There are 2 protein chains.
Amino acid sequence: MLAIRNIGQLVVVPAGPIGGKSMGSVDRIERAAMLIDGETISWFGLESKLETPADCETIDAVGNCVIPGLIDCHTHTVFAGSREREFVQRIEGRSYEEIARSGGGIRVTVEAIRAASCDELVELALPRLRRMLKNGVTTVEVKSGYGLTVADELKMLEAINRLKALQPIELVATYLAAHTVPREFDGRPDDYLDVVLDEKVLAQVRDEELAEFCDVFCETTAFDVEQSRRVLLTCKKFGLTPKLHADQITQIGATVLAGEVGAISADHLETINDAGIAAMREAECIAVLLPGCSYYLGIAQAPARKILDADLPVAIATDYNPGSSMVESLPLVMNIAATQMKMTPCESLIGVTTNAASALNRQGCIGAIKVGMQADLAILDVPNVERMVYEPGRNCVRTVLKKGRVVG
Amino acid sequence: MLAIRNIGQLVVVPAGPIGGKSMGSVDRIERAAMLIDGETISWFGLESKLETPADCETIDAVGNCVIPGLIDCHTHTVFAGSREREFVQRIEGRSYEEIARSGGGIRVTVEAIRAASCDELVELALPRLRRMLKNGVTTVEVKSGYGLTVADELKMLEAINRLKALQPIELVATYLAAHTVPREFDGRPDDYLDVVLDEKVLAQVRDEELAEFCDVFCETTAFDVEQSRRVLLTCKKFGLTPKLHADQITQIGATVLAGEVGAISADHLETINDAGIAAMREAECIAVLLPGCSYYLGIAQAPARKILDADLPVAIATDYNPGSSMVESLPLVMNIAATQMKMTPCESLIGVTTNAASALNRQGCIGAIKVGMQADLAILDVPNVERMVYEPGRNCVRTVLKKGRVVG
C-alpha cells in the first residue's frame, strides 16, 4: 500500500470521453490524499479523512498538485536520422517541393529507418521516452509509417513492442504503412496498398499483436478518400481499430470518412468543416488536435474553439516527429494549445488525460482519478495545473508514478 | 589551464554588434579544441593543432557543439506572486480592462513586490536563475519596475545586486521605475516621474552602482514620448545608459526617440515603422526582439525579417515576466523566433550571444568565441546549433562554463 499525502490540489479528472462543452471545469480537492493498492487507486479524498493502513509507504506531495499521468495519443517517436537542415530551409522560405528536390522531406526519415536495425531504432527511441517520462507522460502511442516496405514497417512495430519491456511508459502501437507513397511506387498508390494490406501481413500483425490501431494519411499528397477507406476497412477486418490523419492541409472529406468507418479518432483537423464535425459527432469519434505541429510549421491551427463548441471530445497530442513537429514535450504543447488555440489549461488537461485515453480505447484504465483506475500519476512541483501550463519551457513535474510505482 | 577537446562543431561567433544582413552565417570549426587560461579563452582551433600544456584539466565534448554562453538581455526575473489566473482569463477572451477590473494585471505583481522583503525576492529569483543556467544562460539582464515607489524600486535593485554573489550567472541591473504609472498616481504620470527621477534617488543609484541601465515603457498606456525623453535624459545624466520598451502595442514614435537619445537598445518593436528603423540605424541602436512575449499573448510578432533586412543588429531575449511572457527558456525563445518570425538558428544564436552582449555594452567581454574573451560557454549534447533550435522543449545543454569554471 502506498499513500500520497499533503496534496495541495488533486485534480479529479473523471473517466471520459468528455465532450468539448464539458471540458472547461473539473472537480478539485484541496488538502487531499490518495491510497494506492498495488497498481490501482484504492481511495482518495480529504487528507483529514485518510486512514493510513499499517506498513504503508508514503509520498509527500508538499502541498503541490497531483494529476493523472499524461497520455500522448499521437506520436511518431520511433524514427531515425535528423532533419534540422530541412527545418532551416523551411524557415528560409523554401517550398516543400524545393526541399523535397534537394533531398529533404519524409524520404530522409524513410531512408534512415530502412538503413537502421531494430536494435538501433530501440536505442534511438529510449532517451526520447526517458525525457517524455520526466515530463509526466506515462502512456505514448507510437506509429509505424517510415519503413514503407512490409519488412521495414514490421521492424518499426517490433521496435515499439520491444521498447515496452525496456522502460516504464506504456506504449500503444499503430500500423501506419499508409503514411505516404514510397518512391518505388510513385504514381501507383494502389499497388503500394496491395503490398502493405496483404492478408498475410495483416494476419501477422494481428496474430503477433504487433499493433492495436491502423492509421492512414488521408490527404491529396498521400491517399485519397477511397484509398483511405480501403486501408481502414481492410485493417479493421484484422482487428485493428481505425484512426486517420484527417483534414490537415486540404479538405477532401477525411473527417466524414472517419465517421463513416467508425474511426476511434480523427487527428489534425486544421481544415475541418461542418460536415466533418457532424460525422464525427454521430460516430462518437475523438478529435485529436496537434497544436505543436502547426506551431512548428508556422501555419494556422485547427479551429479548436469551434470543435469544442460542437461538443466533440477533444484530445491533444504532440505529433512528435522529425519533420513537422520535433516537439517531444506534452506540457509545452498544452501551452501552445493555450496561447495559440485558446484552450484553457483545464481543457487541455482533459485533452491529454482521459480524452487521450479514449482515443486509445483505454478510458476504463487510465487518464482519470477514480477508484479502481490504474495509479498513473504526475506529482507536480507547482500548486495547480494552471501554473504548469502558465510556465512553458520549465518542467513542473516532480514525481511520476506508473501502475503505482515511482518511475520518474 | 583547462582544455575542451573533441568538439564536433565550435561555432565561432565573432564580437559584435553584427548587422542583420550578416547574421545569417558564422564560421564553424569541425573537430575543434579550446584552451582556457583562468577566466578567458586563450586558444581555439583544430584539435589536431592542440598543444596541451602540462597540468591541464580536460573536458570531453564527445563530438558535440560548443557555443558562447547565452545572454538574456531583457528580463524581469525578479518578481513575486503568480498570475496564472489572468493567463486563463486572457485565454477565455477577457479584455485587458476586464482583467484589470477583476484585480489582475501588473498591479498584482506590484502589490506582491511591495509586500515582499528583499530576502524574499532573492529567494524567489534563485531557482529561476538556476533553471536559466541549466539552459546555457550565463548572463541575464534584470529590470526593476514592479516596486513603483522609490523604496520598492531600490529594493528590487538591491535584490538583483545581492543575487550576483549567490549564483554563477552574471547579472546586469536596469532601473525601470518608469514601467507604468502606479495606482497612487493615476492620471498624474509627471508627478510620479518627479518622485522616481529625484536627483537624490538617481545619485544613490549611481553612487551605490545599483544599476547600469535605465529603461522606460514608452506606450499610450504608460509614458508618452515627452515623458520617456525626460526619463532617459535625466537618468543618462547620472550615468545610466538608456534602453526603451518601444513600439510594442502602439506606434507613437518610441523608436525615433531611441535614436534621438542614443539608446543602446530599443526593445519589443512589434509596431516599428520605417522612421523608427532609420533612427535606430543612425544611432547604432540594437533591436531587441522578444518573440516569447507575442507568442505568449497570442498576438502578432515584430517584423523580424524587415528589421534584419534593414541591417539593424538584432538581439533576442525572453522578456521573462509573470504577466506577458512567463517563458524563462532562452532556447525555447530561439525556436519561437525560428517558427514564428522566420529567423534562422544562426541568426538567433547571434541574437542571444554577441548582439545581446552589445545590448548590454559587454561586446568586448562576452558573447563571442575569441582569444581574450571571457570563457562563458555552453557545451551542447547535440552536434550543431541548428539541432538545438530544431528540438524545442528539450534541454540540449550538457555543460555550462562561466569565466572558465564549470557551473552547470
>> To check you understand DSSP bridge types, tell me what percent of the beta bridges within the protein assembly as shown (both residues inside) are antiparallel, rounded to 5.
In response: 45 percent
>> Can you give me the long-range amide H partners of B:Ile369? Hydrogens built in the peptide plane at 1.01 Å from N, cutoff under 5 Å, separation of 5 or more residues or another chain.
In response: B:Val13
>> Using the Kirkwood radius over C-alpha pairs as Rh, can you work out the diffusion coefficient of segment A:73-203 via Stokes-Einstein at 4 °C, viscosity 1.567 mPa s, in µm² per second?
In response: 82 µm²/s
> For chain B, which cysteines have no disulfide-compatible partner, meaning no other cysteine Cβ under 4.7 Å?
Replying inline: B:Cys56, B:Cys65, B:Cys73, B:Cys118, B:Cys218, B:Cys285, B:Cys293, B:Cys346, B:Cys365, B:Cys396
>> For B:Asn273, place a label point 7 Å from Cα along the Cα-to-Cβ direction in every copy; what are the distances to the other copies, in nm, shortest first?
In response: 4.2
> Just from the alpha-carbon atoms, what are the Rg and Dmax of the protein assembly as shown in angstroms?
Replying inline: 27.2, 87
> Relative to the Cα centre, what is the charge dipole magnitude of chain B, using +1 at the beta carbon of each Lys and Arg, -1 at the beta carbon of each Asp and Glu, and rounding to the nearest 20 debye?
Replying inline: 800 debye
> Per q in 0.20, 0.29 1/Å, what log10 I(q)/I(0) does a Debye calculation on the alpha-carbon atoms of segment B:362-408 return?
Replying inline: -0.74, -1.01
> Pick from B:Ala15, B:Ala278, B:Ala33: which is most flexible by mean-square fluctuation in a GNM of chain B where alpha carbon atoms under 10 Å apart are linked?
Replying inline: B:Ala278
> What whole-number value in Å² describes the accessible area per residue of chain B for a 1.4 Å probe?
Replying inline: 34 Å²
> With Rg and the Kirkwood Rh both taken from Cα atoms, where does Rg over Rh land for chain A?
Replying inline: 0.97
> Of the beta bridges DSSP finds with both residues in chain A, what % are antiparallel, to the nearest 5?
Replying inline: 45 percent
> Of all the C-alpha pairs in segment A:314-408, what % are more than 19 Å from each other?
Replying inline: 44 percent
>> Above 26 Å lies some portion of the pair distances; for segment A:110-267, what is it as a whole percent of all C-alpha pairs?
In response: 26 percent
>> Run the helix sum for chain B: -39,500 (n - 2.57) per DSSP H stretch of 4+ residues, divided by residue count, reported at 222 nm to the nearest 500 deg cm²/dmol.
In response: -10500 deg cm²/dmol
>> Students often get this wrong, so check it: of B:Lys143/B:Lys164; A:Lys134/A:Lys402; B:Lys342/B:Lys402, which have C-alpha atoms separated by over 23 Å?
In response: B:Lys342/B:Lys402
> Roughly how many nanometres apart are two label points built 7 Å out from the Cα toward the Cβ at B:Glu97 and B:Met1?
Replying inline: 6.9 nm
>> What is the percent carbon and sulfur in the accessible area of the protein assembly as shown, measuring with a 1.4 Å probe over the protein chains and ignoring ligands?
In response: 48 percent
> Whose amide H sits under 5 Å from the amide H of A:Ile252, counting only residues 5 or more places off or on another chain, with H placed in the peptide plane?
Replying inline: A:Asp247
> Where in segment A:80-115 does accessible area fall by at least 30 Å² between the isolated chain and the complete protein assembly, at a 1.4 Å probe radius?
Replying inline: A:Ser82, A:Glu84, A:Phe87, A:Val88, A:Ile91
>> Could you give me D for segment A:30-83, from Stokes-Einstein at 20 °C and 1.002 mPa s, where the hydrodynamic radius is the Kirkwood radius over C-alpha pairs? Units µm² s⁻¹, please.
In response: 148 µm²/s
> Over segment A:36-182, what is the percentage of antiparallel beta bridges among all DSSP beta bridges, to the nearest 5?
Replying inline: 20 percent
>> Threshold 10 Å², probe 1.4 Å: give the residues of segment A:377-394, in number order, that are less accessible with all protein chains present than with their chain alone.
In response: A:Asn384, A:Glu386, A:Arg387, A:Tyr390, A:Glu391, A:Pro392, A:Gly393, A:Arg394
>> Before we go on, tell me the buried accessible area for the B/A pair, both chains summed, 1.4 Å probe, in Å² to the nearest 100.
In response: 3200 Å²
> Counting every Cα pair in segment B:84-151, what percent are over 21 Å apart?
Replying inline: 45 percent
> Do you know which residues of segment A:293-309 lose at least 40 square angstrom of accessible area in the protein assembly compared with their chain on its own, with a 1.4 angstrom probe?
Replying inline: A:Tyr295, A:Tyr296
>> Let me check the size of segment A:46-123 from its C-alpha atoms; what are the radius of gyration and Dmax in Å?
In response: 23.6, 67
> When the gyration tensor of segment B:1-94 is built from Cα positions, what are the square roots of 5 times its three eigenvalues, in whole Å, from largest to smallest?
Replying inline: 40, 18, 14
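The values are calculated or read from the model by the stated rules, or taken from the named source; none is laboratory data. Quick caveat, the model's predicted, so the values are computed rather than measured. Cβ: placed from backbone, ideal geometry, glycine included. Neighbour counts: every protein chain shown. Side chains are part of the model used for accessible areas, which takes the heavy atoms of the whole protein and leaves out ligands, DNA and RNA. Shrake-Rupley method; radii C 1.70, N 1.55, O 1.52, S 1.80 Å.
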